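Written out below as structure tokens is the structure these notes cover.
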Amino acid sequence: MNLVVLGATGSIGSQTLEIARRRGHRVVGVSAYHAGDRLWRVVDEFRPEVYAFQEGDDRPGVGRRVDGPDALRELALWPGADAVVVAVNGFDGLTPMLAAIAAGRRVAAATKESIIAGGDLLRGAVAGGLLLPVDSEHAAAFQLLLRRRPEEVRRLIITTSGGALRDWPIDRLPAARPQDALRHPNWSMGQLVTINSATLMNKGIEVLEAHVLFGMPLEAIDVWIHPTQIVHALVETCDGALYASLARPDMMLPIEQALVHPDLPQEALRPLEPEDLGDLTFRRPDPLRYPSLRLCREVGTIGGTMPAVLCAANEVAVAAFLADVLPFTEIIPVVETVLEAHEPQSAPDLAALQASDRWARAAAENALRRRTGR
Ligand code: MG
């Protein structure tokens, strides 16, 4: 199989390359945000036909570089690729994702912000077999829903660890520092998604992601805290039965399932034994501790440009928290301020989404200045 990997030096990108190594896939194109040792190691090992990066200096003599604002789109359409793994941060994944899908090309999408911002533009792509989720909960839900008609499904439950600050007393949360919130109990991921796990913004975004991917109503998508994250998703059918998908907290399986769908990977990279399951406990998230869940549902109800604004404002607020200029408990209020000031546009096209993204970043910077007095 020939792969293009956008975001090749990140967590999902690296695990995709590990699958390519072990299964003998060819990597024909890669991108990274920064040109640096990690990118050049990938280029040296896989010898892709084409590569792209946004920041840094080229190293001539290692292949062909595409440059400019359309570089990711060009890579997504690179001739001869069988699948495009989109694992870039935030909103940047949407353009290459839409281009690849329009060209009838398989996309393994690990970019939940792009999926929820794209919303209407992506509907139908999952049913058409072109958009495959690389998010552990959604990959699990996708497999559980494959054999079900929509009218047979009453509820989808996705699980969360509850994040790094799950067991902190709620009145101590304002004092949480970046290093506290970055200590995720189960997963090793990028900084933005780890902080989003601590606020549960990640899970709120994932509710919207499931809404887009599977076309289920928001009220039929539920979130439960499940500290060990062995169960990734549960589907309740109309007869009251609950079907669960269990796997290690490891992205290798979802990535590989997305690449080979409708087949299944023919052998397990990391099998799971019943003795590995441990205690399977579940509890409802406390809405006071995690206001992001309510906020995301409100955003999903309005739709249009609101999800794009949510993600952009959240990125700015999380960056301020990581820079130690915004308290942890102020992240969601900053996002909410921006959402309240936004005049949503329904059925936006790509240009309207990009404009909303830019507007939201500026509005979030303003909200931060007002809050922090900078
Ligand atoms: Mg997830």
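Throughout, read-outs are computed from the coordinates displayed, never taken from laboratory work. Computed from a predicted model, the values in this text were never measured in an experiment. A quick note on method: Cβ atoms are made from the backbone with ideal geometry, for glycine too, and the neighbour counts reach across all protein chains shown.
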Helical contribution to [θ] at 222 nm, DSSP H n ≥ 4, -39,500 (n - 2.57), averaged over the chain, rounded to 500
-12500 deg cm²/dmol
Inter-centroid distance (Cα atoms) of region 219-270 relative to region 94-115, Å
21
How big is the chain in terms of Cα radius of gyration and Dmax, in angstroms?
20.0, 62
What is the distance, in nm, between label points placed 7 Å from the Cα along the Cα-to-Cβ direction at LEU288 and at ILE170?
0.3
I want the antiparallel fraction of DSSP beta bridges within the chain, as a percent rounded to 5.
30
Virtual spin-label span in nm between CYS238 and ARG148, 7 Å along Cα→Cβ
1.3
For the pair LEU350/GLU45, report the inter-label distance in nm, with labels modelled 7 Å from Cα in the Cβ direction.
3.1
What is the ratio of the Cα radius of gyration of region 151-280 to 2.2 N^0.38 Å, with N the residue count, to two decimals?
1.16
How are the alpha carbon pair distances in region 2-133 distributed across 5 Å bins from zero to the largest one, expressed in percent?
2, 12, 24, 25, 20, 11, 5, 1, 0
Region 210-301: radius of gyration and largest Cα-Cα distance (Dmax), Å
15.7, 44
Among THR228, THR199, which comes first, second and so on when ranked by fewest other beta-carbon atoms within 10 Å?
THR228, THR199
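Note the full-extension length gain between VAL325 and GLN191 as 0.36 nm times their separation in residues minus their Cα-Cα distance, in nm to one decimal.
46.6 nm
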Span per principal axis, largest first, for the Cα atoms of region 1-49 (Å)
26, 21, 14
Any idea what % of Cα-Cα pairs in region 36-81 are farther than 13 Å?
55
